[in-house]
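Down below is the structure, laid out as structure tokens.
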Amino acid sequence: MSKPPVHAFFVGRAVAEALYEQLESAATNAFSELGKFDAEQRERLRQFTDRVVERANRSADEAMQTRGTATSTTTIQDIHPADLQVTIDELRAEVALVRSELQRYRSSLP
């Protein structure tokens, strides 16, 4: 009588080992596919950002070419502090004018 329970034990053990191997294989394949997917998505994102930066650079180059050579490009070193202060003051005045016009427009609404 001890033979069938011993045989059942070894059959159960073999089934458990086979299931473990199947589970291990499935998990390995799933993680492998997940890794491939992640790598593909990262590559697509890198290509997308490269294309965006390339388009932006191309647009900037085209804009600079359409400006022509008649207008000189101004760098920060070319701006004198007094000129900068004048520009800031002019911008502040424009902002104040826009604010007053906006308030006047809002007050005229019913």
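Bear in mind these aren't lab numbers, they're just calculated from the coordinates by the rules spelled out. As the structure is a computational prediction, the values presented were derived from the model and not from experiment.
Just to be sure I understand: with springs between alpha-carbon atoms less than 10 Å apart, which residue in Arg13, Arg51, Arg99 has the highest mean-square fluctuation in the Gaussian network model of the chain? Of the options given, Arg99 has the highest mean-square fluctuation. Relative to the longest principal axis of the Cα atoms of the chain, the long axis of helix 81-108 makes an angle of roughly 80 degrees. Computed from Cα positions, the angle between helix 3-67 and the longest principal axis of the chain comes to roughly 20 degrees.
In the chain, the calculated helix contribution to ellipticity at 222 nm averages -31500 deg cm²/dmol per residue, counting -39,500 (n - 2.57) for every DSSP H run with n ≥ 4.
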